[in-house]
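The values are calculated or read from the model by the stated rules, or taken from the named source; none is laboratory data. In this text the structure is predicted, and so the values were computed from the model without any measurement. For neighbour counting, all protein chains shown are included, and Cβ atoms are generated from backbone atoms with ideal geometry for every residue, glycine included.
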Amino acid sequence: MPENTKKELNIKPEEILEIIKDISGQDVYVCYQCGKCTAGCPMSENMDIMPNQIIRLLQIGAFDELLKHNTIWLCASCLTCTSRCPKGVDLARIMEAVRLLLLRQNVAYLNASDIPEEDREELPIQALVGAMRKYSP
Amino acid sequence: MKVNFYPGCTLKTKASNLERTAKASMAILGIELEEMAEWTCCGANFSLANDNIMKMAAPIRNLARAEKVGTELVTICSACYNVLKRANYAVKNDSEKLEKLNLFLEDGKIQDNDDQYHGKVNVLHLLELIKEKIGFDNLKKYIKKPLNGLKVAPYYGCQLIRPQKELEIEDQEAPEILHNLIDALGGDAVDYSMDTECCGSYVEVNRPKEVWLASYRILRQARAAGAKIMITSCPLCLYNLDKHQFDIEKEHSDFKPVPILYFTQLLGLALGLPEEELELNGTKVDPRPVLKESGLL
Ligand code: SF4
Ligand code: SF4
């Protein structure tokens with residue numbers, strides 16, 4: 001987790017779930033923690049906590065704990081979890097909502113200027129546009 | 001026959017060989033991909049935020065422009081397909097969203113003749129166009145150079161097939177359209193369980209090492225299933241899967257690189273396009289030795 005996302009959020013803890021629900025349209029309490037999302041997640045090997053644990057931390061109101069981990073920034077929005085959840089939870093939208101909750105506080109996870117020039121030359125535009133949409137306000 | 005075509009940014013830059021090989025192959029099949037007169041980037045990623053529809057303005061503006069030409073819009077890049085089709089699904093099933101976006105289009109006109117969108121356009125992937133307008137059986141008639149049973153791994157990735165409910169192109173757990181194409185070209189489509197596994201997508205921009213591992217798992221499995229070559233329709237999948245293979249090889253001595261092509265290059269090859277037109281020099285892992293070995297070059 002980069003330094004800049006550790007700064008204090010101007011959101012009251014009791015409001016966090018409401019905001020997540022507004023952005024994602026998802027109710028985190030629907031999840032019964034079966035772990036199927038994590039089992040199919042292509043990025044889970046490198047996540048320091050698992051996708052289903054993100055939901056668990058939201059359920060118990062441990063948002064500060066959630067922010068200590070890299071999981072939301074390694075999520076590739078591949079929709080594998082979403083397409084397989086037996087309870088119909090759209091976890092990719094919850095991941096997006098947590099990212100946006102931070103980004104909308106004007107906290108960038110990655111700025112265009114952080115990308116090395118040679119990478120900017122080499123990467124397909126779709127990667128650069130996609131990354132800016134996911135990682136910057 | 002002419003079809004209205006949305007190329008998207010990446011096909012105009014890094015993946016220009018995808019566009020050129022698609023156009024040349026389709027010309028042989030009697031279909032002209034006619035580029036839209038005016039278009040903008042689609043946004044590259046469909047926004048997953050429910051409370052803000054502004055990120056749909058770009059795809060809907062493009063669909064409004066396409067609607068003036070006809071009811072079909074063909075695209076090739078998996079990401080463009082995903083964004084255009086999902087935005088289209090969203091407004092077709094929610095008139096309030098459509099109305100809001102139309103108000104915005106009216107307010108934020110880029111072109112004087114930019115108009116409202118009425119939800120009449122059907123977004124098609126080039127693979128669907130081939131399947132529906134030509135048919136895979138019929139395609140065999142055009143083949144000049146059958147692939148001699150070349151073992152090809154079809155790689156679908158995410159954007160082309162998920163979410164199934166909105167894209168409706170294929171079964172998201174067991175897609176077949178690339179398999180069917182390979183078989184029609186005289187190749188042997190390899191079955192492996194990672195054909196719909198994500199390559200890591202835009203995470204590459206920030207955490208390339210994590211993306212390698214995803215690529216490694218996919219490539220290793222395709223190899224183990226006997227694949228000599230892999231095909232995809234997504235420029236970012238091609239980039240991610242190709243880019244780190246020599247690094248992977250250094251770390252894993254048992255790994256053998258797998259060349260990756262756009263499906264249009266393999267199609268063009270089988271349709272008899274000359275080698276220079278196939279532009280086989282765009283990737284780090286050179287596909288030409290494998291194709292030569294198989295008597296295809
Ligand atoms: S698959 Fe669905 S129900 Fe199971 S842990 Fe994941 S989000 Fe919860
Ligand atoms: S959308 Fe994110 S959390 Fe879900 S499977 Fe893909 S990478 Fe994992």
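Take the conditions (1) near ligand 2 (Cβ under 9 Å from one of its atoms); (2) closer than 18 Å to B:Arg162 by Cβ; A:Thr71 misses just one of them, which is (2). Here segment A:8-21 is the region considered, the condition is being surrounded by 14 or more Cβ atoms within 10 Å (Cβ to Cβ) and within 14 Å of chain B (Cβ to nearest Cβ), and the residue that is farthest from ligand 1 (Cβ to nearest atom) is A:Ile19.
B:Glu34: more than 17 Å from the chain's Cα centre (by Cα), part of a loop (DSSP other than H, G, I, E, B) and touching a residue at least 12 places away in the same chain (Cβ under 8 Å), yes or no? Give the derivation first.
Working: more than 17 Å from the chain's Cα centre (by Cα): yes; part of a loop (DSSP other than H, G, I, E, B): no; touching a residue at least 12 places away in the same chain (Cβ under 8 Å): yes.
For B:Glu34, the condition - more than 17 Å from the chain's Cα centre (by Cα), part of a loop (DSSP other than H, G, I, E, B) and touching a residue at least 12 places away in the same chain (Cβ under 8 Å) - is not met.
For segment A:24-61, how many residues meet the condition of being within 14 Å of another protein chain (Cβ to nearest Cβ) and not in a helix (DSSP H, G or I)? Final tally of qualifying residues: 8.
Consider segment A:92-108 and keep the residues that are of a type outside the set (Gly, Ala, Ser), more than 8 Å from chain B (Cβ to nearest Cβ) and in contact (Cβ under 8 Å) with a residue 60 or more places away in the chain. The one that is nearest to ligand 2 (Cβ to nearest atom) is A:Ile94.
Here A:Asp64 passes the criteria (1) of a type in the set (Asp, Glu); (2) over 29 Å from B:Thr283 (Cβ atoms); (3) within 11 Å of chain B (Cβ to nearest Cβ) except the one numbered (3). Being surrounded by fewer than 19 Cβ atoms within 10 Å (Cβ to Cβ), over 13 Å from the mean Cα position of the chain (by Cα) and either touching a residue at least 40 places away in the same chain (Cβ under 8 Å) or in the same structural domain as A:Ser136 (by TED's automatic domain parsing) (or both) is a condition met by no residue of segment A:73-83. Summed over segment B:49-73, the residues that are buried (at least 24 other Cβ atoms within 10 Å of the Cβ) and either over 19 Å from the mean Cα position of the chain (by Cα) or outside any helix (DSSP H, G or I) (or both) give a count of 6. Please list, ordered by first then second residue, the pairs with beta carbon atoms under 7 Å, 6 or more apart or interchain, first in segment A:26-43 and among the acidic types (Asp, Glu), second away from ligand 2 (no atom under 14 Å from the Cβ) and at pLDDT 95 or above. Partner pairs satisfying both residue conditions: A:Asp27/A:Lys21.
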